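Participant: Have a look at the structure that comes next, please.
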Amino acid sequence: VISSLFLIYRYCANALANGAEMNTTPGWSIAWYFIPIANLWKPYQAMREIWLGHMADGDKSGSDNLIGYWWVVWILALFAGRYSGRVSDRVNDIDDLAFSAQVGIVSVLLVLITSVLYLRILTGLQRMQQDKTGVAEVFS
């Protein structure tokens, strides 16, 4: 998580340094994850600005769907994880245990999907940053 926050900070700073017009600063791009209620949409907005800030000027139409998919699955994973915890606290019989296990599996699958989408976002940002600035690869 810590290295991920460093990457978000760095990608935001690099987008700003390359002249991107953004409302989010590098500090706020990671701070939003820790502010209740605002953390339900502000990190998405920050990541979308970072993504658009790294895109070539002619490529800005409709190609940021990956960010939206990532955020929807992330929110679903958060709620599924909470629900899973509550269901597992109320297990009284084998049927409750089976249901709790199913909810837990759905929660874990959503986290895995979120992780894959997030890695695609980070590698996409790295690729766009390299194409725009000629900076060496972060992931090699």
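All of the numbers you see were taken from the coordinates with simple rules; none came from a lab. This one's a predicted model, so the numbers in the text were calculated from it and none came from an experiment. Glycine also receives a Cβ, built like all others from the backbone with ideal geometry; neighbour counts cover every protein chain displayed.
Participant: Against the longest principal axis of the chain, how steep is helix 94-133, in degrees 0 to 90 to the nearest 10, with axes from Cα atoms?
Facilitator: For 94-133 against the chain, the angle is about 0 degrees.
Participant: Classify the chain as rounded, prolate or oblate from the Cα gyration tensor: take a ≥ b ≥ c as the square roots of its eigenvalues, call it rounded if a/c is under 1.5, otherwise prolate when a/b beats b/c and oblate if not.
Facilitator: Prolate shape, in that a/c is at least 1.5 and a/b is the bigger ratio.
Participant: Kindly identify segment 1-52 as rounded, prolate or oblate by the Cα gyration tensor criterion: order the square roots of the eigenvalues as a ≥ b ≥ c, call it rounded if a/c is under 1.5, otherwise compare a/b with b/c, prolate if a/b is larger, else oblate.
Facilitator: It comes out oblate by the Cα gyration axes.
Participant: Pulled fully out, how much extra length does the chain show between residue 116 and residue 130, if you take 0.36 nm times their separation in residues and subtract their Cα-Cα distance?
Facilitator: Length gained, residue 116 through residue 130: 2.9 nm.
Participant: Note down the magnitude of the dipole of the chain about its Cα centre, charges +1 on Lys and Arg C-beta and -1 on Asp and Glu C-beta and zero elsewhere, to the nearest 20 debye.
Facilitator: 200
Participant: Net charge near residue 24: determine it from the other residues with C-beta under 10 Å of the C-beta of residue 24, scoring Lys and Arg +1 and Asp and Glu -1.
Facilitator: That sum, taken over residues with Cβ under 10 Å, equals +1.
Participant: What does the net charge come to around residue 4 if you take all other residues with beta carbon closer than 14 Å to its beta carbon, with K and R at +1 and D and E at -1?
Facilitator: With Lys, Arg at +1 and Asp, Glu at -1, the net is +2.
Participant: May I pose another question? If I fit a long axis through the Cα atoms of helix 42-54 and take the longest principal axis of the Cα atoms of the chain, what angle between them do I get, 0 to 90°, rounded to 10?
Facilitator: Value to nearest ten degrees: 30.
Participant: Continuing with this model, one more query. Working from Cα positions, state the angle (0 to 90°, nearest 10) between the long axis of helix 65-89 and the longest principal axis of the chain.
Facilitator: Around 20 degrees separate the two axes.
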